[in-house]
Amino acid sequence: SSFNEFLLLTFADTRELQRLHFSLFLGIYLAALLANGLIITAVACNRHLHTLMYFFLLNLSLLNLGSRVTFPP
């Protein structure tokens with residue numbers, strides 16, 4: 001047996017489960033997108049939040065957005 005082989009299994013066999021999984025993962029993705037967008041908007045628009053801690057929070061949100069929409073090659 002070779003260690004260079006792998007088995008690719010289906011995530012869901014039925015159409016209903018595929019739709020359920022799609023809806024669930026889309027909801028999670030959109031919630032993360034909305035939360036990061038709100039953090040970025042709040043920090044960028046409110047001058048009282050222009051401190052070092054919120055600068056790092058803004059950068060973490062930007063990195064999280066970038067990693068969410070990037071797919072591996």
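The values are calculated or read from the model by the stated rules, or taken from the named source; none is laboratory data. All of these numbers come straight from a predicted model, not from anything done at the bench.
Residues that are modelled with pLDDT under 90 and among the small types (Gly, Ala, Ser) were ranked within region 1-31; the one that is farthest from GLY66 (Cα to Cα) is SER1. Can you name every residue in region 1-52 that is under 20 Å from the mean Cα position of the chain (by Cα) and in a loop (DSSP other than H, G, I, E, B)? Within region 1-52, just PHE11 meets the criteria.
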